[in-house]
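Structure record follows, encoded as structure tokens.
No lab work stands behind these numbers, since they all come straight from the coordinates. This one's a predicted model, so the numbers in the text were calculated from it and none came from an experiment. With ideal geometry, Cβ positions are generated from the backbone for all residues, glycine too; neighbour counts draw on all protein chains shown.
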Amino acid sequence: MVIQAIESVGAKVLFLPTYSPELNPIEMLWSKLKAFLRKIKPRTRKDLDAAVSTFITSLQQKDLLGYFLETEARTVLI
């Protein structure tokens, strides 16, 4: 049902090989978030929440698109 919905709008469904984080755009986002948190070094839950909120609001569409384009470029190698 989900696959049909995706394909109905002209998108192509790609299935990732087992355990392939380098092909998953969210892994690139987690990497950037972890680097940001290491730089900020939040010490309390409140500081952590604020840092994550700051990170999320700083994301730009071009950054997110870049994660998907990088993933697409890597899938060509498979």
(message) With a cap of 16 neighbouring Cβ atoms within 10 Å, and only residues DSSP puts in a loop, list the chymotrypsin sites (Phe, Trp or Tyr not before Pro) found in the chain.
(response) PHE15, TYR19
(request) Select one label from (1) -0.50, -1.11; (2) -0.83, -1.03; (3) -0.70, -1.08: the one whose number is log10 I(q)/I(0) by the Debye sum over Cα atoms at q = 0.15, 0.23 Å⁻¹ as derived from the coordinates shown. (result) (3)
(request) Provide, for the chain, the number of lysine pairs with alpha carbons under 24 Å apart, each pair being eight or more places apart or on different chains. (result) 7
(message) Using the crude model of +1 on Lys and Arg Cβ and -1 on Asp and Glu Cβ, and no other charge, please compute the dipole size for the chain relative to its Cα centre, in debye to 20.
(response) 540 debye
